[in-house]
Amino acid sequence: MSATGAVRTLKIDGRDCSARPQATILEVARENKIFIPRLCQLEGLSTVGACRLCLVEVKGSNKLLPACTTTVDEGMEITTSSEELASYRRMIVELLFTEGNHICSVCVSNGHCELQTMAQRLGVTHIHLPYRYPKKQVDASHERFVLDHNRCVLCTRCVRVCDEIEGAHTWDLMGRGIDSKVITDLNQPWGSSESCTSCGKCVQVCPTGALFEKGRSVAEMEKRRQFLPYLTLMRGERT
Amino acid sequence: MTPEELEDIAQRERETQREFPQRVNVCVAAGCLSCQSDAVKEALVKEAASRGLGDQCQVKGVGCMGLCSEGPLVSISTGHLYQHVSARDAGAILDSLQGSLVEQLLCPTDTPFFQRQKKIVLENSGTIDPERIEEYIACQGYHALVKALTEMTPQQVIAEITTSGLRGRGGAGYPTGLKWSTVAKAVGTQKFVICNADEGDPGAFMDRSVLESDPHRVLEGMLIAAYAVGASQGYIYVRAEYPLAIARLKTAIRQAERLGLLGANICGTGFNLHIELRLGAGAFVCGEETALIASIEGRRGTPRPRPPYPAMEGLVGQPTLINNVETYANVPPILRNGGAWYAQIGTEQSKGTKVFALAGRVRNTGLVEVPMGISLREMVFEIGGGIPDGKEFKAVQTGGPSGGCLPRETLDMPVEYESLARAGSIMGSGGMIVMDETSCMVDVAKYFMDFCMTESCGKCIPCRVGTYQMHRILSAITDMSAAAQDLKLLEELCDLVKHTSLCGLGQSAPNPVLSTLKYFLEEYQAHVHEHKCPAGACGVKMLEKVDA
Amino acid sequence: MSRKRLATVWLDGCSGCHMSFLDMDERLIELAEKVELVFSPLVDAKEFPPDVDITLVEGAVSSEEDLHKIRLVRRRTKLLVSLGDCAVTANVPAMRNPFPVQAIYDRAYRENATLMQGTPHEVIPRLLPYARPVHEVVHVDVYLPGCPPSADVIHYALTELLEGREPELSARTRFGA
């Protein structure tokens, strides 16, 4: 163990990297331009380690560890890509496609969707697990935004940005397991939410077309996230 | 409270007890209560009063006597045990205190079920009134606490626990002494102790029984732990489905506080511990420690990645010790008798005893405490009394939805953490379900997968969707509609969910499937390839309908 | 070198993938030297012939006719290619899947019909409970996602397959592309 405050040196995919203490593997990898896939993590929001796409191998650990929540240690040796990891990641993305109703071709976020891009990047050319075809609702009661549960991957970015950045905590989750869903207030229509400030941050951080601006047609919904690093910077280091 | 004062209470209580030449103990734990043991007790009290035996014969409610399948159970001071007692037997039972025994109610206690047990955690269960602190004190209760507070340093307490070799009884088997010393060394503004009483495995009722039968033992264990790690606030997270355990815990906390054994300045030593109850709202995942902590904090009960472990950053970010009910219940006797005494019991790697809830297709179902290392065969065929109705043994399921099904070949394996894990199951919290030839192992796997699927919190993708997909395949297999490639897909999903899920629930959810695939593959194949269920359990209902 | 026998079939899809196929434009002429188009909505063959080397399938398997067709195609084809999102993921045709088939019929032939309200019983093949991707029904050798896959991607895939190589498609196309 080295003293706190000292720089940590570690190896990612055989490359020597240095990191500040308390940095996560994902942060160090990003600084070193090493790609680690992730869906739930977004810089500026707290980490939850939920999507499991960023799992990496760490020498000496018999478990795969999420890069987004695992802080670096001196001398750590990390492998971010292997045949095994690649196949797990593909399968996790496939599970998401089977869980909801993701029809890329008619989606407002077609071409700008993190799930779609992830599938392509990980080499998912088809889904070899059967689809679930759940009947899910669309909430268009808000005057400016729409929530389409069919496209939600339950990353909880909307929940976190609303709570941590906007401070409204309009969003939360209800239900368990496969029946989980994001809700506004106490599962009231978004349009009737009394806590929602209509700031739209949730829409912008949503990785898919689950949250979008009204009036957008297929492929027209591009998310603008510039506010997030800006706000984070302005507020200083949040601990 | 000084050691002398405590001894005074114990002495007085023992004398009071001795004033009664005759005693009748009625089990009033949940098992017997569910077959009206409260009416039995009431009838006995009434009958004794009407005979004017009030000051000679004591009728009291006690905790679990173990053989739940034969309840309501009543024991009398001659040392005999009655089973299947009903209220109208009250007169005959009182008669038998000085006359001849009620033969038709007699429950033999020279059987392996009673003789093979070794009671440490359950030493007072079935003998003391769980609602009176004096009775617990009379059985050396709180002596370990006073000893620790007055004679030992926290380090010495931890050393004793480490010597004992005690491992977490919640299922994972992490060395308790190591956990305690981690929390003791951790730095924080306040430390917490938490008792995990969110027992949720299907068929498991060890913790409920301990809480209902001997709640003070758990409080004492928590007090000693809090002293050892330097905690001043404790929580017992108990599931709301255990109303009796909750009521008895509340009584116990009140009583301990009144005697100055709990609260501020305990025994005048300046040590403080306040214990509060928190009720679980019915989510199995809240038995996972980080989810449990979130729930106590008033948040949605979902796990978070570890590290940081609760020992470093737990409740409200402070060092927190979480142990299971049975782990705490082991602590007082260890301090009383010494860690070395405890370490003699059990096996090399698994010390002490373990309480099991024996259920399913065995003659004797109920609660048993046995030394670690006992074989599954002894559990099933001696203590359990074998399989009823002339059926063949097929498998024993340990560890609930996180465990596996162990076949006949493993019967001679010792019951300890490592051997069970090697065989593809886990020790778990102590549920043990015996299955005979009429159980279809695919159906069993499906049952547990259904449990995991509905209890998945939904936070991480592999568990949320993976358990759904596995359940879908298992349903297809039991419906005889699965294709050959579904078996391969099932294995693929098991591998994924096991290795990528966020918490223990997901990581262990494939175990019932993996173990049945390992030991009973031919049953899967029969469903898939021949559309037949060898046990005759799947699709039977449909056939009956057609016939009728 | 003898020309390879190529076929294309059109199940539950919009024909957009076939349009994209035609968008290969002058490259079709060059392709025609390497393949013989033995069956396709674009040619006049009435029956799917035996011994086809490569078949491109557009569309999801939605009806009893689709099911019958794809099974026949699979039996008579060496290399089956799922062409486009409907074949690969069931795509837009799958949007009916959360609903029971009767509700679909009612919506299409009763609620929205102005003339001759009522579910047709002739000519129109019966719908399966779900519109399904081709590979859930028969084995598929190559997946070519996209809605539609571009002419370039189709050309690349065919060229590679004709050369006996496995096309690397995930970098060139994606769902919804």
query = Got a number for the accessible area of A:Thr197? Probe 1.4 Å, square angstrom, nearest 10.
reply = 80
remark   = Extension length gain for A:Asn187 and A:Asp73 (0.36 nm per residue less Cα distance), in nm, is 36.8 nm
ask   = What order, most packed first, do the peptides C:120-128, A:221-229 have when packing is the mean number of other Cβ atoms within 10 Å of each residue?
value = A:221-229, C:120-128
inquiry  = If you take each beta carbon of peptide B:487-500 and count the beta carbons of other chains within 10 angstrom, what is the mean?
reply    = 3
Under 5 Å, built H, 5+ apart or other chain: amide partners of B:Asn272 = B:Asn265, B:Ile266
ask   = Of C:Phe99, B:Phe113, which has the most accessible area with a 1.4 Å probe, and how do the rest follow in descending order?
value = C:Phe99, B:Phe113
remark   = The set of residues whose placed amide H lies less than 5 Å from the amide H of A:Ala67, leaving out same-chain residues fewer than 5 positions away, is A:Cys54, A:Leu55, A:Val56
query = Ignoring ligands, DNA and RNA, what percent of the 1.4 Å accessible area of region B:20-109 is carbon and sulfur?
reply = 49
key: List of region A:143-188 residues, accessible area with partners at least 30 Å² below that of the chain alone (1.4 Å probe)   = A:Leu173, A:Arg176, A:Gly177, A:Ile178
ask   = When Cβ neighbours within 10 Å are restricted to other protein chains, what is their mean count per residue of peptide C:167-176?
value = 6
Convex hull (Cα only) mean projected area of chain B, reported in nm² to one decimal = 26.0
inquiry  = What distance in nm lies between label points placed 7 Å from Cα along the C-beta direction at A:Val106 and B:Trp341?
reply    = 7.4
remark   = In deg cm²/dmol, rounded to the nearest 500, the helical mean residue ellipticity at 222 nm of the protein assembly as shown, built from -39500 (n - 2.57) for every DSSP H run of length 4 or more, is -10000 deg cm²/dmol
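Just in region B:329-435: which GluC sites (Glu not before Pro) are loop by DSSP and have at most 12 other Cβ atoms within 10 Å?
Those satisfying the criteria are B:Glu348, B:Glu392.
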ask   = When all C-alpha to C-alpha distances in region B:20-109 are sorted into bins of 10 Å, what percent of pairs does each bin hold, rounded to whole numbers?
value = 19, 58, 22, 1
request  = Determine the per residue accessible area of chain B with all protein chains present and a 1.4 angstrom probe, expressed in square angstrom.
outcome  = 36
note = Output for region B:210-318: GluC sites (Glu not before Pro) sitting in coil per DSSP, at most 15 other Cβ within 10 Å, listed by number, reads B:Glu241, B:Glu297
ask   = Taking each residue of A:94-100 in turn, how many C-beta atoms of other protein chains fall within 10 Å of its C-beta, and what is the average?
value = 4
request  = Please name the residues of region B:430-468 whose accessible area, counted over protein heavy atoms with a 1.4 angstrom probe, falls by no less than 50 Å² between the chain alone and the full protein assembly.
outcome  = B:Lys459, B:Ile461, B:Arg464, B:Val465, B:Tyr468
task = Using a/c under 1.5 as the rounded threshold, could you call the protein assembly as shown rounded, prolate or oblate? The axes a ≥ b ≥ c are square roots of the C-alpha gyration tensor eigenvalues, and prolate needs a/b larger than b/c, oblate otherwise.
result = prolate
query = Among the listed pairs B:Lys498/B:Lys532; B:Lys394/B:Lys518; B:Lys41/B:Lys118; B:Lys459/B:Lys518; B:Lys118/B:Lys354, which are separated by more than 19 Å between their Cα atoms?
reply = B:Lys498/B:Lys532; B:Lys41/B:Lys118; B:Lys459/B:Lys518
ask   = Rounded to the nearest whole Å², what accessible area per residue is found for region A:88-225 with the 1.4 Å probe?
value = 37
request  = Quote the accessible area belonging to A:Cys104 in square angstrom, nearest 10, computed with a 1.4 Å probe and with ligands, DNA and RNA left uncounted.
outcome  = 20
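In Å² (nearest 100), what accessible area is buried between A and C, both sides summed, heavy protein atoms only, 1.4 Å probe?
The buried area between A and C, both sides summed, comes to about 1800 Å².
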request  = Please give the peptides C:69-76, B:321-328, B:99-106 ranked by average Cβ packing (other Cβ atoms within 10 Å per residue), highest first, as a rough proxy for protection.
outcome  = B:321-328, C:69-76, B:99-106
request  = Evaluate the charge dipole of the protein assembly as shown about its Cα centre and quote only its size in Debye, nearest 20, assuming +1 on the Cβ of each Lys and Arg and -1 on the Cβ of each Asp and Glu.
outcome  = 1200
remark   = Loop-resident chymotrypsin sites (Phe, Trp or Tyr not before Pro) in region B:380-478 with no more than 11 other Cβ atoms inside 10 Å, DSSP not H/G/I/E/B, are none
Relative contact order (%) - chain B, alpha-carbon pairs under 8 angstrom, separation at least six = 14
inquiry  = Give the aspartates and glutamates reachable from B:Lys185 as a straight Cα distance under 18 Å; neighbours fewer than 8 places away on the same chain don't count.
reply    = B:Glu160, B:Glu313
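The values are calculated or read from the model by the stated rules, or taken from the named source; none is laboratory data. None of these values were measured; they are calculated from a predicted model. Here Cβ is always computed from backbone atoms with ideal geometry, including for glycine, and neighbour counts include all displayed protein chains. These area figures cover heavy atoms from the full protein model, side chains too; ligands, DNA and RNA do not enter into them. Shrake-Rupley method; radii C 1.70, N 1.55, O 1.52, S 1.80 Å.
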